[in-house]
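Encoded as structure tokens, the structure appears first; notes follow it.
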Amino acid sequence: MFTVYVLKSLRNSKRYVGYTSKNASARLKEHNHGTNKFTKQNGPFELCRQELYSIKTEAIKRENF
């Protein structure tokens, strides 16, 4: 399974969209520890939405939408 997730910054209300094959809550913890430049500068985040997909390409299409 693949999860497309939307995070909202508690600092400035910016949103971050991503996908993962991991648990969305585990990925949220990684982002809150600053795993990339955007999340490092705009965190902490809260999980706003998640959608499950069985096919990776469908999850990627949704993330890019």
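The values are calculated or read from the model by the stated rules, or taken from the named source; none is laboratory data. Note that the structure is predicted; figures quoted are calculated from it, not measured. We place every Cβ from the backbone using ideal geometry, glycine too, and count neighbours over all the protein chains shown. The accessibility values were calculated without ligands, DNA or RNA, using every heavy atom of the protein model including side chains. Shrake-Rupley method; radii C 1.70, N 1.55, O 1.52, S 1.80 Å.
Structural remarks
- Residue selected from region 37-47 under the condition outside any loop (DSSP other than H, G, I, E, B) and more than 9 Å from the chain's Cα centre (by Cα), by the criterion surrounded by the fewest Cβ atoms within 10 Å (Cβ to Cβ): LYS37
- Scanning region 9-36 for residues that are free of Cβ contacts under 8 Å to residues at least 12 places away in the same chain, open to solvent by less than 50 Å² (accessible area, probe 1.4 Å) and farther than 24 Å from LYS56 by Cα yields one hit, GLY34.
- Matching entry among GLU51, GLU58 (being at pLDDT 95 or above and either assigned to a helix (DSSP H, G or I) or open to solvent by 90 Å² or more (accessible area, probe 1.4 Å) (or both)): GLU58
- Of all residues making up region 19-65, the number that are within 13 Å of TYR5 (Cα to Cα) and hydroxyl-bearing (Ser, Thr, Tyr): 5
- Within region 39-65, the set of residues being touching a strand residue (DSSP E or B) at 6+ places or on another chain (Cβ under 6 Å) and either of a type in the set (Phe, Trp, Tyr) or on the phi > 0 side of the Ramachandran plot (or both) comprises PHE45, TYR53.
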